[in-house]
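For reference, the structure discussed in these notes is given below.
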Amino acid sequence: MDWTLAIDRHRDALVRMVAALLLMAGGGEVMPRHVRTGIWRVLRPAESAFRRLVVVVKVVLKIEARTRVSRGGLGSAGGFSRGTGASVPAFALFDARKSFKPRSAWRGRRPQPNIRFFDDVEIFTPVVVASPDDAVSPAQLMRRLQALQAALADVPKQAQRLARWQAKREHAVAGTYIRPMRPGRPPGFRKRQTHPVDAVLSNCHEMALYLLEPPEP
């Protein structure tokens, strides 16, 4: 397999998707709830796909914790400016770990009035049901988008970050290998692919698993 070509193609696809999401988000202080929900549905699998792409780059380029990385080739992508004075968060290179705590059977507030009784008097508590058109804050969403856009601008740099973090964790717990990918399906995975990002995530996940656990000859 031409790994460099595969990396570039999937990175370019993610760059285009992030640019489309930023355009969709606009620059306002609020956005409709349904717009934010739609962006999250693409952003979460895009983040997972990029984490796996970083793993592929780390293995293919044989990047270690103390290796200097050239910014050519797999590097720059235009459109992101660091000279605005705004603080851009670092991209999270590790999947959020699954919670194995038992879930409550109660799934939250239901769309009907709650009834309480006090001194034989019925008290109705009105329930406000969220509307898709409600105005919501996009602050957290925008920071995640900016972090992913900045990380896509220099993939080998992210692979170097990953190598440093893994070295630190291995040193903290001697002999422990810390994977950035959690076991099982990646965050944002959908068995039924409804968006191009689903195919990108599936491909990046398979490439990362193949390199980390190559099949026996």
Just a yes or no: is a residue in the range 16-24 modelled with pLDDT under 95, among the aliphatic types (A, V, I, L, M) and within 18 Å of M181 (Cα to Cα)? no
Those residues of the range 23-41 which are surrounded by fewer than 17 Cβ atoms within 10 Å (Cβ to Cβ) and more than 15 Å from the chain's Cα centre (by Cα), in sequence order: L23, M24, G26, G27, G28, E29, V30, P32, R33, H34
One residue from L53, L74, L5 being modelled with pLDDT of 90 or more and buried (at least 17 other Cβ atoms within 10 Å of the Cβ): L53
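Before we move on, is M207 over 16 Å from L14 (Cα atoms), modelled with pLDDT of 90 or more and of a type outside the set (S, T, Y)? Walk me through how you get there before you give the answer.
Values: over 16 Å from L14 (Cα atoms): no; modelled with pLDDT of 90 or more: yes; of a type outside the set (S, T, Y): yes.
In short, no.
On the basis of being at pLDDT 80 or above, among the small types (G, A, S) and assigned to a helix (DSSP H, G or I), does S87 make the cut? Don't jump to the end; show me each part of the working.
On the way: at pLDDT 80 or above: yes; among the small types (G, A, S): yes; assigned to a helix (DSSP H, G or I): no.
Against the criterion (at pLDDT 80 or above, among the small types (G, A, S) and assigned to a helix (DSSP H, G or I)), S87 does not qualify.
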Odd one out for A13, checked against (1) farther than 26 Å from G184 by Cα; (2) at pLDDT 95 or above; (3) among the hydrophobic types (A, V, I, L, M, F, W, C); (4) in contact with a helix residue (DSSP H, G or I) (Cβ under 9 Å, 6 or more places away or on another chain): (1)
Any pair with Cβ under 6 angstrom, 6 or more apart, that starts in the range 185-204 at a residue that is at positive phi and ends at one that is outside any loop (DSSP other than H, G, I, E, B) and modelled with pLDDT of 95 or more: G188/R44; G188/P45; G188/S48
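Does R169 satisfy being modelled with pLDDT under 80 and assigned to a helix (DSSP H, G or I)? Please lay out each step first, then the result.
On the way: modelled with pLDDT under 80: yes; assigned to a helix (DSSP H, G or I): yes.
So R169 passes the test.
Within the range 22-43, which residues are of a type in the set (A, V, I, L, M) and over 14 Å from D134 (Cα atoms)? Before you say what the answer is, go through the steps one by one.
Here is the first cut: in the range 22-43, the residues of a type in the set (A, V, I, L, M) are 22-25, 30-31, 35, 39, 42-43.
Across the range 22-43, the qualifying residues are L22, L23, M24, A25, I39, V42, L43.
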The range 135-163 residues that are part of a loop (DSSP other than H, G, I, E, B), paired with ones that are basic (K, R) (beta carbon under 7 Å, 6 or more apart): P138/R36; D154/R71
Name the residue, out of P138, P111, that is of a type outside the set (A, V, I, L, M) and modelled with pLDDT under 85. P111
What are the residues in the range 179-211 that are exposed (fewer than 14 other Cβ atoms within 10 Å of the Cβ) and closer than 16 Å to L93 by Cβ, if any? R179
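The values are calculated or read from the model by the stated rules, or taken from the named source; none is laboratory data. Just so it is clear, the model here is predicted, and its values are computed rather than measured. Cβ: placed from backbone, ideal geometry, glycine included. Neighbour counts: every protein chain shown.
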